[in-house]
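Working notes for the structure below.
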Amino acid sequence: MNSEVSMMIMCPWVSYLIADGLGLSGIVAILTNGIFLNIYAAQNISEGSRKVLKISYETIAYSAETLVFLFLGIGVFAFDHPKDKFSAGAIVVSIINFNFARFLNIGVTTFIVNRTRTESKINFK
């Protein structure tokens, strides 16, 4: 079981290293490797390894997502923003744009969902 889990976790990393060494896209290499691992390798591992890999991949994905949003949040304060170009009008226009975009997103999504549902439709409230 240890070798199965190790190989399934190491394969995307090794494919990234090879692609990066050749000057190719590492993200495309990981994506392609993941597709092939899902097609060919996932059916040939034991049930215990499958459970361990599911938990491992979810943990790695959650950690990576958390780091990305953490770095984005820190990045806002890392840049030297031109404070003289910001005014109260820019803040008001931004808030209006955010609310309008949210209204469009929720309105269009609700409309599409209600068109496909036959019961328990989402009301306006």
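Laboratory data are not the source of any read-out in this text; all were calculated from the coordinates shown. Keep in mind the model is a prediction, meaning the values are calculated, not measured. Methodologically, a virtual Cβ is constructed for each residue, glycine included, from the backbone with ideal geometry; neighbour enumeration extends over all protein chains shown.
Please arrange Tyr57, Tyr62, Tyr16 by counting, for each residue, the other beta carbons lying within 10 Å of its beta carbon, fewest first.
Values: Tyr57 14, Tyr62 10, Tyr16 18.
With the fewest neighbours first, Tyr57, Tyr62, Tyr16 line up as Tyr62, Tyr57, Tyr16.
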Potential extension, Ala64-Ser87 segment - 0.36 nm per residue separation minus Cα distance: 4.7 nm
Exposure proxy order (Cβ contacts within 10 Å, fewest to most) of Phe36, Phe103, Phe124: Phe124, Phe103, Phe36
Angle in degrees between helix 88-116 and the longest Cα principal axis of the chain, rounded to the nearest 10: 60
Extended-chain gain in nm, criterion 0.36 nm per residue less alpha-carbon gap, Asp80 and Val14: 20.0 nm
Burial ordering of Met8, Met1, fewest other beta-carbon atoms within 10 Å first: Met1, Met8
Overall form of the stretch 81-125 per C-alpha gyration tensor (a/c, 1.5; a/b vs b/c): prolate
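D for the chain, whole µm²/s, Stokes-Einstein with Kirkwood Rh over alpha-carbon pairs at 37 °C and 0.692 mPa s: what number?
Numbers: Rh = 19.7 Å.
Translational diffusion coefficient: 167 µm²/s.
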